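**Student:** Pasting a structure here, questions to come.
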Amino acid sequence: MLHIRRCQHLKLITKTFVSLIHFKASRHVKLILPRTFAFKELRKSWFSIHSLLGDKNIILMGPPGSGKTTVGKIIGQKLGCSFIDVDDDILETTWNMTVAEKLKDVGNEQFLEEEGKALLNFSASGTVISLSGSNPMHDATMQHVKKNGIIVFLDVPVTDIIDRLNLVKIDRIVGQNSGMPLKEILQYRRQFYKKWYDVRIFCEDGASAEVIADKVFDAVKRYQDVDSETFISTRYKSKHPAEGISPKHFSDAVIEGLASDGGLFVPQKEFPKLSCVEWKSLVGATYVERAQIILERCIHPVDIPAFKLGEMIETAYGENFACSKIAPIRHLSGNQFILELFHGPTGSFKDLSLQLMPHMFAHCIPRTCNYLILVATSGDTGSAVLNGFSRLSSSDKQRIAAVTFFPENGVSDFQKEQIIGSQKENGWAVGVKSDFDFCQTAVKKMFNDSDFTGFLTIEYGTTLSSANSINWGRLLPQVIYHASAYLDLVNQGFISFGNPVDVCIPTGNFGNILAAVYAKMMGIPIRKFICASNQNHVLTDFIKTGHYDLRKRKLVQTFSPSIDILKSSNLERHLHFVTDRDGKLMTKLFQQLENQQHFQLERIIVEKLQQDFVADWCSEENCLAAINSTYHTSGYILDPHTAVAKVVADRVQDKACPVILASTAHYSKFAPVIMQALRIKEINQTSSSQLCLLSSYNALPPAHEALLERIKQRDPKYHVCAPDVNILKDHIETLIQSHFMKVF
């Protein structure tokens, strides 16, 4: 289906005439050119516009004062094609009166209908068209023009528009005569602009019309070139492409999850970058607005159209989050700031991705296929995956289900209860009598077992995919909150844009800290990435020495179970980057890790890694001490993972700039550890009693209401399996039979 969508997107039907084109010699003299002249003009400009437009129109959309007419004329001149201003060349020609006169004559509502009717009788090809500011408020009109055009939204901040309109006397804005303030009129219209555009152009204050026109050219070229943004496996051998899998599109990477050669998908080209001015324009924006801009740059519109992406983002970061800021940042003390990533429905940073990723996944997959999501969890991912996929539409839940494998005795009691309690009609929890590394390895083995995956496809019409951070669709949304945290520091006046910050992140599977690296690639000035480990400090040792060594190393259960990980999957993505995309080397290193349990980087690569990364680890004793001291000095309760980050930041950060500590979970999920750290005697209580007791302390952050509600629910049944991949395979087959076969 994806192939068909791409073919439809590329298909250009050459037309040999323009059915109707209106020109104006001036703003007051009307001229209608005959078809023969229009045909000659089309032939004349054909060769200059065909490569960019074909038979498509470039349709400029935006509020009054956004510069559509000026920009459109420049584009038309550069392409050597016709330019049409809807207000001047269609509406006034059709009505034989000015737009202002028509608006005064018929009123706001009737004007929209008359305006829409006039445009429904118009068609053109290979033309630059400037819509009126109110055209997008008429659905039938926009559906008509969108059939043969690429709609480009000139997104100018409302305050800039008001400043521009105040310089000239404007009397033809729909709603202007109702007494509604101009600012409210413009803000109201944004919902319609967001509904229709294919590409958005950020029009920063002071940018010339020529600069905006160039941006339109680049955006349209990107839109037309569906192969401009592809993904490769970290084990892709660029010098010998025939030896590896071919590049994939975003949709393919999301659907497949793991590359068939065992590698992870990464962008084939550099990460998109926002300019300093563009970032500054987002300082006062909401989290949803920032997410839309960032993801539009990272996801090609043929994979997920901009309006659809916007709907997903608003759904994901809407009522499901307890805090309207989604991921607020709070000053802790000195130069340290807490990035609170636990306001989602399951109380961990995984919600920031897993409330969005299921909607992207459902959009990307073929409608005729069933998909089973396999997930290994070290604690928080399991409940976040089950919660996220349970929020899909009823029809999507019939064809998409999720299974999460967790170490039966390797997560906190509350995490276990939460994972089990998150089971829904399309999601199940499976306890495994082993550790997280076994669960993660088992999932990868099942993905790479072509006999098993082929059997599921042929026998049950079901394909396997992932929602761990090995899946690009799961990792990408994490970039947003790292960028947003920096912008919030600027907005709150702690720093000026351009001042560097450090980030300190409790790290196990390397996904969270890698997302911060990607935020830096997009233009956020992060100086150092501080990797904070617990007693399972294989990553810290690796960053310090370049030697990844699992020999004689046994996983230790700690107070911070979500980073109790020895095999860090996402590290491969970063090593692929620092080795200049050497897929052959990645294959060698990670096959060596699998077979010999260790590998050593060359010194030059280690030095390159250490330019941006520093690392250290925290003992259990120091973790408890950090929770205790932070509470008594600031009234703030850290969860054990955040405490690990604070201990490491205190030790290695030089205080030359602010440091953002990623708070990856709400402390309520680890009540026994918190009570031990705060020396609360009533430690041997039920989970519900412990949470209620902690919430009575009135500490910061406040109690997590969704977690308090969770303890009131009865836990459903769940399965426990031996650490045997074949047993897990049998269980998966049983679940597929019970869900997907029942649907049919």
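The values are calculated or read from the model by the stated rules, or taken from the named source; none is laboratory data. Values in this document were obtained by computation on a predicted structure and should not be read as measured data. Don't worry about glycine lacking a Cβ; one is built from the backbone with ideal geometry, like all the others, and counts go over all protein chains shown. Just the protein is used for accessible areas: all its heavy atoms, side chains included, with ligands, DNA and RNA removed. Shrake-Rupley method; radii C 1.70, N 1.55, O 1.52, S 1.80 Å.
**Student:** Residue pairs, Cβ under 8 Å, 6 or more apart or interchain, first in segment 197-221 and surrounded by 22 or more Cβ atoms within 10 Å (Cβ to Cβ) and of a type in the set (D, E, K, R), second at pLDDT 95 or above and outside any helix (DSSP H, G or I). List them.
**Tutor:** ARG200/VAL152; ARG200/PHE153
**Student:** Please work out which residue is surrounded by the fewest Cβ atoms within 10 Å (Cβ to Cβ), limiting yourself to segment 60-82 and to residues that are of a type outside the set (Ser, Thr, Tyr) and touching a Ser or Thr at 6+ places or on another chain (Cβ under 7 Å).
**Tutor:** Applying the first criterion (of a type outside the set (Ser, Thr, Tyr)) to segment 60-82 yields 60-65, 67-68, 71-81.
Then drop every residue that is not touching a Ser or Thr at 6+ places or on another chain (Cβ under 7 Å), which leaves 60, 68, 72, 76, 79-81.
Details: LEU60: 30, LYS68: 28, GLY72: 26, GLY76: 21, LEU79: 21, GLY80: 13, CYS81: 24.
So the residue we want is GLY80.
**Student:** With a cut-off of at least 1 residues that are among the aromatic types (Phe, Trp, Tyr), name the strands (runs of 3 or more DSSP E) lying wholly within segment 128-236. So that I can check it myself, show each step before the final result.
**Tutor:** Details: elements: 128-130, 149-155, 199-202, 231-233.
Output list reads 149-155, 199-202, 231-233.
**Student:** What are the residues in segment 472-521 that are acidic (Asp, Glu) and either open to solvent by less than 10 Å² (accessible area, probe 1.4 Å) or in contact with a Ser or Thr (Cβ under 8 Å, 6 or more places away or on another chain) (or both), if any? Walk me through how you get there before you give the answer.
**Tutor:** Filtering segment 472-521 down to residues acidic (Asp, Glu) leaves 488, 502.
Of everything in segment 472-521, just one residue is acidic (Asp, Glu) and either open to solvent by less than 10 Å² (accessible area, probe 1.4 Å) or in contact with a Ser or Thr (Cβ under 8 Å, 6 or more places away or on another chain) (or both), namely ASP502.
**Student:** I've got another one for you. Somewhere in segment 673-682, is a residue within 18 Å of SER619 (Cβ to Cβ), touching a residue at least 24 places away in the same chain (Cβ under 8 Å) and touching an Asp or Glu at 6+ places or on another chain (Cβ under 9 Å)?
**Tutor:** The answer is yes, given that some residue of segment 673-682 is within 18 Å of SER619 (Cβ to Cβ), touching a residue at least 24 places away in the same chain (Cβ under 8 Å) and touching an Asp or Glu at 6+ places or on another chain (Cβ under 9 Å).
**Student:** What single numbered condition from (1) at pLDDT below 95; (2) buried (at least 24 other Cβ atoms within 10 Å of the Cβ) fails to hold for GLN355?
**Tutor:** That leaves (1) as the condition not met.
**Student:** I'd like the residue in segment 266-283 that is over 17 Å from the mean Cα position of the chain (by Cα) and basic (Lys, Arg) and, out of all such residues, is surrounded by the fewest Cβ atoms within 10 Å (Cβ to Cβ).
**Tutor:** LYS269
**Student:** What residue, of ASN595, ASN536, ASN570, is modelled with pLDDT of 95 or more and under 26 Å from the mean Cα position of the chain (by Cα)? Can you show your working first?
**Tutor:** Working: ASN595 fails: under 26 Å from the mean Cα position of the chain (by Cα); ASN536 fails: under 26 Å from the mean Cα position of the chain (by Cα).
Testing whether each residue is modelled with pLDDT of 95 or more and under 26 Å from the mean Cα position of the chain (by Cα) leaves just ASN570.
**Student:** Exactly one condition in (1) over 32 Å from the mean Cα position of the chain (by Cα); (2) surrounded by 13 or more Cβ atoms within 10 Å (Cβ to Cβ); (3) at pLDDT 85 or above is not met by CYS692; state its number.
**Tutor:** In the conditions (1) over 32 Å from the mean Cα position of the chain (by Cα); (2) surrounded by 13 or more Cβ atoms within 10 Å (Cβ to Cβ); (3) at pLDDT 85 or above, CYS692 misses (3) alone.
**Student:** Can you tell me which residue within segment 310-346, out of those that are of a type in the set (Phe, Trp, Tyr) and within 29 Å of HIS300 (Cβ to Cβ), is surrounded by the most Cβ atoms within 10 Å (Cβ to Cβ)?
**Tutor:** Of all residues in segment 310-346, those of a type in the set (Phe, Trp, Tyr) come to 317, 321, 337, 342.
When the remaining residues are screened for being within 29 Å of HIS300 (Cβ to Cβ), the result is 317, 321.
Values: TYR317: 23, PHE321: 19.
By that ranking, first place goes to TYR317.
**Student:** Right, next: Would you mind stating whether GLY421 is at pLDDT below 95, in contact with a strand residue (DSSP E or B) (Cβ under 6 Å, 6 or more places away or on another chain) and either open to solvent by 10 Å² or more (accessible area, probe 1.4 Å) or under 25 Å from GLN737 (Cα atoms) (or both)?
**Tutor:** no
**Student:** Another one. Under 7 Å between Cβ atoms, which residue pairs at least 6 apart in sequence (or on different chains) link something in segment 438-463 that is loosely packed, with under 15 Cβ neighbours inside 10 Å with a partner that is small (Gly, Ala, Ser)?
**Tutor:** Hits for this filter: ASN448/GLY262.
**Student:** Determine, yes or no, whether ASN698 is open to solvent by 70 Å² or more (accessible area, probe 1.4 Å) and farther than 27 Å from LYS433 by Cβ. Even if it seems obvious, please write down each step before you answer.
**Tutor:** Working: open to solvent by 70 Å² or more (accessible area, probe 1.4 Å): yes; farther than 27 Å from LYS433 by Cβ: yes.
Judged against the criteria, ASN698 is a match.
**Student:** I'd like to verify a number: residues in segment 719-736 that are exposed (fewer than 14 other Cβ atoms within 10 Å of the Cβ), assigned to a helix (DSSP H, G or I) and touching a residue at least 24 places away in the same chain (Cβ under 8 Å), how many?
**Tutor:** Going through segment 719-736 one residue at a time, the tally reaches 0.
**Student:** Here's another thing I want to ask about it. For segment 1-118, which fully contained helices (runs of 4 or more DSSP H) count at least 1 residues that are modelled with pLDDT under 50 and more than 36 Å from the chain's Cα centre (by Cα)? Steps first, answer last, please.
**Tutor:** Values: elements: 2-10, 35-49, 68-79, 92-95, 99-106.
Of the helices (runs of 4 or more DSSP H) lying wholly inside segment 1-118, those with at least 1 residues that are modelled with pLDDT under 50 and more than 36 Å from the chain's Cα centre (by Cα) span 35-49.
**Student:** Residues of segment 146-174 being crowded, with 20+ Cβ neighbours inside 10 Å and more than 17 Å from PRO63 (Cβ to Cβ), which ones?
**Tutor:** GLY149, ILE150
**Student:** Another one. Taking segment 379-411 only, how many residues are hydroxyl-bearing (Ser, Thr, Tyr) and surrounded by 23 or more Cβ atoms within 10 Å (Cβ to Cβ)?
**Tutor:** From segment 379-411, those hydroxyl-bearing (Ser, Thr, Tyr) are 381, 383, 390, 393-395, 404; that's our starting set.
Then drop every residue that is not surrounded by 23 or more Cβ atoms within 10 Å (Cβ to Cβ), which leaves 381, 383, 404.
Number satisfying all stated conditions: 3.
**Student:** PHE342: closer than 19 Å to ALA485 by Cα and in contact with a Lys or Arg (Cβ under 7 Å, 6 or more places away or on another chain), yes or no? Even if it seems obvious, please write down each step before you answer.
**Tutor:** Numbers: closer than 19 Å to ALA485 by Cα: yes; in contact with a Lys or Arg (Cβ under 7 Å, 6 or more places away or on another chain): no.
The answer is no for PHE342.
**Student:** Could you list, in sequence order, all residues of segment 92-141 that are more than 15 Å from ILE173 (Cα to Cα) and either touching a Pro at 6+ places or on another chain (Cβ under 6 Å) or open to solvent by 40 Å² or more (accessible area, probe 1.4 Å) (or both)?
**Tutor:** Once the filter is applied, which keeps residues that are more than 15 Å from ILE173 (Cα to Cα) and either touching a Pro at 6+ places or on another chain (Cβ under 6 Å) or open to solvent by 40 Å² or more (accessible area, probe 1.4 Å) (or both), segment 92-141 yields THR94, ASN96, MET97, LYS117, LEU120, ASN121, SER123, ASP139, ALA140.
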